[in-house]
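Just below is one structure, and these are the notes that go with it.
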Amino acid sequence: MYDTHTIRLTINGVEEETTVKPYATLLDALRDQLNHIEVKEGCAVGDCGACAVSLNGVTVCSCLVLARQADGAELVTAAGIGKPEKLHPLQEAFMDYGGIQCGFCTPGLILSSKALLDENPHPTRQDIKVALSGNYCRCTGYEQVIEAVLAAAEKMDGQNA
């Protein structure tokens with residue numbers, strides 16, 4: 001009944017292809033068709049940040065983007081910013097400071113934090129609160145997350161010195 005469309009994406013440096021229906025969201029394509037389960041579906045209306053991905057360098061809620069709109073795009077998920085053998089400083093700090101509780105919101109929090117640190121390598125607590133205001137977490141109370149971002153910023157600054 002609906003025409004389908006083949007889309008090509010570069011996800012975490014790997015070219016991938018899938019066929020989507022016109023109404024499929026990028027979240028649907030990533031999770032259900034391309035098995036990127038690190039991208040979580042929380043609210044499906046762009047309020048929680050669990051489905052955050054970097055789309056051509058801009059952090060977006062993948063539940064609000066039609067898959068067809070992302071055709072040809074470069075995407076980075078939380079799994080794409082580090083490797084198991086060499087975690088990104090944010091991933092390490094989230095573990096070290098208890099910023100990971102149940103883990104559901106963690107990918108979105110990490111991507112939003114990375115976007116902040118890419119733009120502002122020396123954020124204040126208030127900067128972090130504002131940057132993470134689009135991410136909802138039920139477990140951490142956010143204090144551990146803020147501490148993790150501050151620690152990661154410090155570590156990343158030391159690596160660049």
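Of all the criteria given as (1) in contact with an Asp or Glu (Cβ under 7 Å, 6 or more places away or on another chain); (2) under 24 Å from SER112 (Cα atoms); (3) exposed (fewer than 15 other Cβ atoms within 10 Å of the Cβ); (4) not charged (D, E, K, R), the one not satisfied by PRO22 is (2). Exactly one residue out of HIS88, HIS36 is of a type outside the set (Val, Ile, Thr) and closer than 22 Å to THR140 by Cα: that is HIS88. Looking at the stretch 45-98, which of the residues that are in a strand (DSSP E or B) and at pLDDT below 95 is nearest to the chain's Cα centre (by Cα)? The qualifying residue nearest to the chain's Cα centre (by Cα) is LYS83. None of VAL53, VAL39, VAL60, VAL45 is of a type in the set (Val, Ile, Thr), farther than 28 Å from MET156 by Cβ and outside the structural domain of CYS139 (by TED's automatic domain parsing) except VAL45.
The values are calculated or read from the model by the stated rules, or taken from the named source; none is laboratory data. Here the structure is a predicted model, which means the values were calculated and not measured. Note that we place each Cβ from the backbone using ideal geometry, even for glycine, and neighbour counts take in every protein chain shown.
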